[in-house]
Amino acid sequence: SVTVGFGAGAFAILASFFIVTALGGFRLVGAGLAVSTALFIVPLLVAAFGEELLFRGYLLQNLVDVGRPVFGVVFSSVLFWLIHGFNPAAWSSPFVTINLLLGGVMLALAYMASGNIWFPTAMHFAWNYCQGPIMGVHVSGMKMESVVGLEVAADANPYLTGGEFGLEGSAVSAGIQIVLILALFAVYRANRRSKEPAPGLNAKVV
């Protein structure tokens with residue numbers, strides 16, 4: 001579950017990165033080992049776990065327990081967006097808001113589809129870690145030392161690159177997240193159906 005979650009998060013952000021780069025939004029200017037790449041593991045992991053515990057493990061789960069799963073997904077996702085609204089450049093583009101809301105829905109469905117907190121935590125961590133310390137893209141508006149040397153093309157549309165907020169403000173990331181949301185919802189529905197009793201099992205024997 002952790003491995004799959006990490007893979008899903010890494011795939012999503014790396015797919016966004018390579019699409020934006022292919023469209024001319026980013027230019028690679030070098031690469032090299034950075035000590036901070038290892039140092040960022042613990043704080044980013046703690047941050048991902050803390051957010052997942054609060055938004056999905058507590059808020060969402062409590063609303064699911066009282067029979068309000070849809071409201072739980074929406075409510076936890078809106079709060080997830082609002083908390084990140086304090087980050088640098090959070091209001092620089094409408095796609096920042098769109099992506100943060102989509103990110104909340106994506107992680108909520110990751111939690112509901114897996115049934116544990118570790119899957120969305122791994123997904124969240126991989127998304128941030130690959131984006132910042134590895135690829136050198138701003139993480140929610142914050143720049144980190146990275147393995148890949150990167151610059152944003154001067155003539156690139158900020159709706160493509162995400163501007164100063166990073167890929168979480170990109171239209172490409174919105175598309176990638178929608179694909180993952182649909183996939184996670186399909187898994188969630190399949191899991192629910194597999195747990196439903198077969199027709200006739202609850203019928204009384206006369």
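Summary table
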quantity: Helices (runs of 4 or more DSSP H) enclosed by segment 41-102 - at least 1 residues per element that are more than 30 Å from residue 161 (Cβ to Cβ); calculated: 61-65, 69-84
quantity: Residue in segment 161-173 that is aromatic (Phe, Trp, Tyr), within 22 Å of residue 92 (Cα to Cα), open to solvent by 10 Å² or more (accessible area, probe 1.4 Å) and in contact with a Gly (Cβ under 6 Å, 6 or more places away or on another chain) present; calculated: no
quantity: Where residue 81 falls short, out of the listed (1) open to solvent by 50 Å² or more (accessible area, probe 1.4 Å); (2) over 19 Å from residue 184 (Cα atoms); (3) over 13 Å from the mean Cα position of the chain (by Cα); calculated: (3)
quantity: Complete set of residues in segment 33-48 that are within 21 Å of residue 111 (Cα to Cα) and touching a Phe, Trp or Tyr at 6+ places or on another chain (Cβ under 9 Å); calculated: 44, 45, 47, 48
quantity: Subset of segment 172-196 (residues that are free of Cβ contacts under 8 Å to residues at least 24 places away in the same chain and among the aliphatic types (A, V, I, L, M)); calculated: 179, 182, 183, 186, 190
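A quick yes/no check of all residues on (1) at pLDDT 95 or above; (2) open to solvent by less than 60 Å² (accessible area, probe 1.4 Å); (3) in contact with a strand residue (DSSP E or B) (Cβ under 9 Å, 6 or more places away or on another chain); (4) among the hydroxyl-bearing types (Ser, Thr, Tyr):
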position	(1), (2), (3), (4)
51	yes, yes, no, no
72	yes, yes, no, no
86	no, no, no, no
93	no, yes, no, yes
107	yes, yes, no, no
113	yes, yes, no, no
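The values are calculated or read from the model by the stated rules, or taken from the named source; none is laboratory data. Remember, it's a predicted structure, so these values are computed and weren't measured experimentally. Counting neighbours? That spans all protein chains shown, and the Cβs are built from the backbone with ideal geometry, glycine included. We work out accessible area using only protein heavy atoms, side chains counted, and drop any ligands, DNA or RNA first. Shrake-Rupley method; radii C 1.70, N 1.55, O 1.52, S 1.80 Å.
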